[in-house]
Amino acid sequence: MLKKTMTYTDYNGETRKEDFYFNMTRAEVTEMELSIEGGLSDMIKRVTEAKDVPTIMKIFKDLVLRAYGQKSPDGKRFIKSKELSEEFAQTEAYSDLFMELATDSTAAAAFVNGIMPQNIEAKSAALEIVD
């Protein structure tokens, strides 16, 4: 799980500092891997070799929004939903994070590494997004 503390300006002009959480489970990564013909890893290799920037940006957006969630107070669950992802996508925090990942390959690698489950083969494959 990745905890990212971000400072951003909201739409009322107020500066906010908030913690945002991102995580992908082994099941989620496996589902992504199996839902794409040839697998996520191969697709990532193809688009990076082709320098297909629009597709790379779509992958980043999808990863960020799939990984975003909120921890339950007791820590037993990591709550994700389409509504939560949409709410996050409508903030300047999301915009700031997306721009950081799009323009800084070190930050992008750290983000992908941070959201992937420990000891999963897809972790190294996902890092190829930023190569």
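Okay, here's what the table says:
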read-out	value
Student exercise, the stretch 36-78 dipole from Lys, Arg, Asp, Glu Cβ charges, in Debye to nearest 20	240 debye
Segment Ser72-Ala102, extension gain: residue separation times 0.36 nm, minus the distance between their alpha carbons	7.8 nm
Set of lysines with alpha-carbon distance to Lys82 below 21 Å, sequence-local pairs under 8 removed	Lys3, Lys4, Lys58, Lys61, Lys71
Electrostatic dipole magnitude of the stretch 1-128 [Cβ: Lys, Arg +1; Asp, Glu -1; Cα centre; debye, to 20]	320 debye
Gain upon complete extension [Thr15, Glu49; 0.36 nm per residue less C-alpha separation]	8.3 nm
Span-like helix ranges in the chain, DSSP H, alpha carbon extent 18 angstrom or more, Kyte mean at least 0.5	53-67
Local electrostatic count, Lys4, Cβ distance below 11 Å [Lys/Arg +1, Asp/Glu -1]	-3
All aspartates and glutamates inside 15 Å of Lys17 as judged from Cα atoms, apart from same-chain residues fewer than 8 positions distant	Glu92, Asp96
Amide H partners (placed H, <5 Å) of Lys71, local residues excluded	Ile79
Most fluctuating residue given options Tyr21, Tyr11, Tyr68, as computed from a GNM of the chain linking Cα atoms under 10 Å	Tyr11
For the stretch 1-67, with +1 on Lys and Arg beta carbons and -1 on Asp and Glu, the positive-most of Ala67, Ala50, Tyr8 along the dipole	Tyr8
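All of the numbers you see were taken from the coordinates with simple rules; none came from a lab. Computed from a prediction, not measured in an experiment: that's the story for all the values here. In this analysis, Cβ positions are derived from the backbone assuming ideal geometry, glycine residues included, and neighbour counts consider all displayed protein chains.
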